[in-house]
Amino acid sequence: MNYYELLGVTFESTENEILKAYRKKALLCHPDKNPDNPKAAELFIEIAEALKILTDPKAREALNKVIKAKEAAKLRTKAYDAKRKKFKEDLENREKAAQEAVSNDTLNAERLAAEIKRLRSEGSRLLKEQQLLVEKQLNEDRLKKHAETSPKLKVTWACSNDHQNGGYNERVLKQCFEKYGPVSAIVLSKKNGLAIVEFMHHIHANMALEFEKGLDENPFQCSWLEGANFEKSQKKQVSSLQKMTGTANQSTDSDFESIVLAKMRQAEERKRLAQKIMEEDAASQ
């Protein structure tokens with residue numbers, strides 16, 4: 001196999017050019033981006049093999065000898081066909097040279113096979129680094145795709161058939177949710193007891209989903225309408241990075257303290273909001 005052609009590089013290509021070509025090819029051929037191609041995994045393995053060989057000086061030298069020998073053999077065959085009828089003696093000499101070339105080809109091929117076997121057993125640091133870069137790029141692409149969906153929460157509460165809608169309106173809902181972060185829109189359903197709240201950022205929507213319960217006298221329930229997959233992907237990536245860096249247990253105490261403080265602030269905010277609404281209702285009467 002001509003690994004230069006597989007990566008789209010030449011004999012003169014530098015190591016940096018080869019690494020750049022590998023990353024570009026790996027992103028195009030990665031099985032995650034080619035779910036309908038049964039040969040994607042096989043091709044991904046082949047380009048990994050090409051990177052290992054072309055970035056190892058001894059393996060690359062052995063490969064170059066094999067390729068050059070094959071190109072020379074093609075030239076010899078062409079010249080042989082053109083002159084075989086005219087020069088019998090020359091033909092014999094060429095046959096002898098061809099036999100020597102075959103011997104050299106076999107030797108070069110054996111050396112290349114030995115280098116490939118060595119690389120497979122030793123592993124390739126460069127290959128691992130490039131595969132990590134490819135995986136990082138794929139993760140960034142996934143997060144970018146999820147981020148394009150604005151986070152929306154579905155809010156439901158109990159209410160009677162009167163005109164008070166269970167004590168909730170756009171103003172009350174805005175006061176409940178804006179303390180967690182910017183709210184893009186609040187849409188009240190024509191049907192009482194239902195609203196959609198759209199946040200600008202996923203992290204604020206997630207905090208509201210976890211901590212906000214609404215009015216004490218009539219709590220509401222929140223659930224994801226859009227954006228849940230982004231939170232799962234983000235948590236998975238953070239967990240993966242923590243395992244890689246060994247920091248998974250360092251943030252446990254601070255995370256617990258943050259949750260406790262957030263719950264305390266949320267309880268105080270609910271009481272303040274309920275008191276404010278009661279005062280406004282009393283003033284209006």
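Just to be sure I understand the model, the point goes 7 Å from the Cα along the line to the Cβ. What's the resulting MET1 to SER189 distance in nm?
5.6 nm
Within the range 32-189, what whole-number % of the accessible surface is contributed by carbon and sulfur, with the 1.4 Å probe and all protein chains included in the calculation?
About 51 percent, which is the carbon plus sulfur part of the accessible surface.
With a ≥ b ≥ c the root eigenvalues of the C-alpha gyration tensor of the range 55-142, is it rounded (a/c under 1.5), prolate (a/b larger than b/c) or oblate?
Prolate is the answer for the range 55-142, as a/c is 1.5 or above and a/b outweighs b/c.
About the Cα centre of the range 3-55, how large is the charge dipole given +1 on each Lys and Arg Cβ and -1 on each Asp and Glu Cβ? Please answer in debye to the nearest 20.
Computed charge dipole of the range 3-55: roughly 180 debye.
Accessible area per residue, 1.4 Å probe, Å², for the range 1-156: what's the number?
67 Å²
Obtain the nm distance between the two label points defined at LEU75 and ALA113 by a simple spin-label model: each point lies 7 Å from its Cα along the Cα-to-C-beta direction.
Distance between label points: 2.7 nm.
Starting from one equal scatterer on each C-alpha and no solvent at all, send me the Debye-based log10 I(q)/I(0) for the range 3-55 at q = 0.27, 0.29, 0.30 Å⁻¹, two decimals.
Debye intensities relative to I(0), on a log10 scale: -1.00, -1.10, -1.16.
Given a 1.4 Å probe and heavy atoms of the protein chains only, how would you sort PHE87, PHE11, PHE211, largest accessible area at the top?
The residues order as PHE87, PHE11, PHE211, largest area first.
Measure off 7 Å from each Cα along the Cα-to-Cβ vector at ARG125 and LYS83, then give the distance between these two points in nanometres to one decimal.
Going from the ARG125 label point to the LYS83 one covers 5.0 nm.
Got a sec to turn the phi values of the range 21-26 into Karplus ³J(HN,Hα) couplings, 6.51 cos²θ - 1.76 cosθ + 1.60 with θ = phi - 60°, whole Hz, x for Gly and Pro?
So the J values, rounded to whole Hz, are 5, 5, 4, 5, 5, 5.
Per the Kirkwood formula on distinct C-alpha pairs, the Rh of the range 150-227 is how many angstrom?
Computed over the range 150-227, the radius equals 12.3 Å.
With θ set to phi - 60° and the Karplus curve 6.51 cos²θ - 1.76 cosθ + 1.60, what are the ³J(HN,Hα) couplings of the range 195-204 in order, to the nearest whole Hz, using x for Gly and Pro?
Result, ordered by residue: 8, 10, 10, 10, 9, 7, 10, 5, 5, 6 Hz.
Considering the convex hull of the alpha carbon atoms of the range 173-212, report its projected area averaged over all viewing directions, in nm², one decimal.
So the Cα hull casts an average projection of 2.7 nm².
The values are calculated or read from the model by the stated rules, or taken from the named source; none is laboratory data. All of these numbers come straight from a predicted model, not from anything done at the bench. All Cβ positions, even for glycine, are placed from backbone atoms using ideal geometry, and neighbour counts span all protein chains on display. SASA here: full protein model, heavy atoms, side chains in, ligands and nucleic acids out. Shrake-Rupley method; radii C 1.70, N 1.55, O 1.52, S 1.80 Å.
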